[in-house]
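The values are calculated or read from the model by the stated rules, or taken from the named source; none is laboratory data. None of these values were measured; they are calculated from a predicted model. Virtual Cβ from ideal backbone geometry, glycine too; neighbours counted across all protein chains shown. Only protein heavy atoms, including side chains, enter the accessible area calculation; ligands, DNA and RNA are left aside. Shrake-Rupley method; radii C 1.70, N 1.55, O 1.52, S 1.80 Å.
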Amino acid sequence: MKNKNIALIGFMGSGKTLVAKKLGELFDWEVISIDALIIEKEGKAIGDIFAESGQSYFRQLEKDFLKQAVERQSVIIDGGGGIILDEANRTLLKEKCVVIHLSASADVIYERIKDETHRPLVNVDDPKTKIEELLEKRQSFYAQADYVIKTDHKNPEAVCQEIKEMIQND
Ligand code: S3P
């Protein structure tokens with residue numbers, strides 16, 4: 001773990017934000033949420049950024065904030081679910097972080113996020129099918145992580161313990 005950060009990647013609803021918070025407490029490391037930085041900079045919700053400025057504008061901000069975040073040391077990076085779509089982002093994450101993929105099944109993801117309205121990509125008529133499609137498209141990118149942890153039916157504390165044990169020799 002020398003000179004490295006921890007980056008959590010995974011689909012929306014896989015538990016990244018809650019796990020990042022708990023992991024930050026466990027390690028006493030700062031947590032950097034890329035989505036939160038974008039929301040703060042733009043002064044509006046992600047749904048509004050997508051609607052008013054477009055997805056590519058959002059992706060550029062995501063890329064810029066990730067670039068800054070990986071230059072820090074001993075931080076936990078909570079990246080949005082689509083951060084791995086960009087090749088340069090994937091390279092940076094690999095180079096500067098221990099990358100942990102929090103993986104969840106489409107059914108569990110759907111149950112976790114179905115009542116939320118702030119996630120533009122799944123705010124559609126048939127969110128379940130959309131989740132399955134996006135998961136399938138992104139699977140090979142998520143699979144490039146150093147470690148994978150299944151989060152279905154696990155609480156954030158249990159996931160954090162698994163992470164701690166997994167990376168202790170890293
Ligand atoms: C996105 C995931 C979201 C957010 C944006 C796009 C995606 O983050 O960055 O809505 O492309 O999967 P979370 O995974 O934290 O919900």
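Kirkwood analysis of region 83-170, using all unique Cα-Cα pairs, places the hydrodynamic radius at 14.5 Å. Between S14, S56, S33, the residue with the greatest mean-square fluctuation in the GNM of the chain (Cα pairs under 10 Å linked by springs) is S56.
For region 5-168, averaging the sequence separation of C-alpha pairs within contact (under 8 Å, six or more residues apart) and dividing by the residue count gives a relative contact order of 34 percent. Taking all protein chains as they are arranged and a probe of 1.4 Å, the heavy atoms of R112 leave approximately 90 Å² accessible to solvent.
Extents of region 113-157, taken as max minus min of Cα coordinates on every principal axis and listed largest first, are 34, 27, 15 Å. Over every Cα atom in the chain, the radius of gyration and the widest Cα-Cα span, Dmax, amount to 15.2, 46 Å. Give the separation of the Cα centroids, region 69-133 to region 143-170, in Å. With region 69-133 and region 143-170 each reduced to a Cα centre, they are spaced 15 Å. Working from Cα pairs under 8 Å separated by at least six residues, relative contact order for region 7-78 is 48 percent.
The residues of the chain expose, per residue, 53 Å² of accessible area to a 1.4 Å probe.
Which residue fluctuates the most in the chain, going by a Gaussian network model with Cα springs under 10 Å, if the choices are G81, G43, G13? In this elastic network of the chain, the residue with the biggest mean-square fluctuation among G81, G43, G13 is G43. Mean Kyte-Doolittle of at least -1.0 plus a Cα span of 15 Å or more along the axis: flag which DSSP H helices in the chain meet both, please. Those that clear 15 Å and a mean of -1.0 are 16-27, 55-70, 156-167.
Exposed loop sites, defined as GluC sites (Glu not before Pro) outside DSSP H, G, I, E and B with at most 13 other Cβ atoms within 10 Å, are absent from the longest region of the chain, namely 1-70. Accessible surface of the chain, 1.4 Å probe: 47 percent of it comes from carbon and sulfur atoms.
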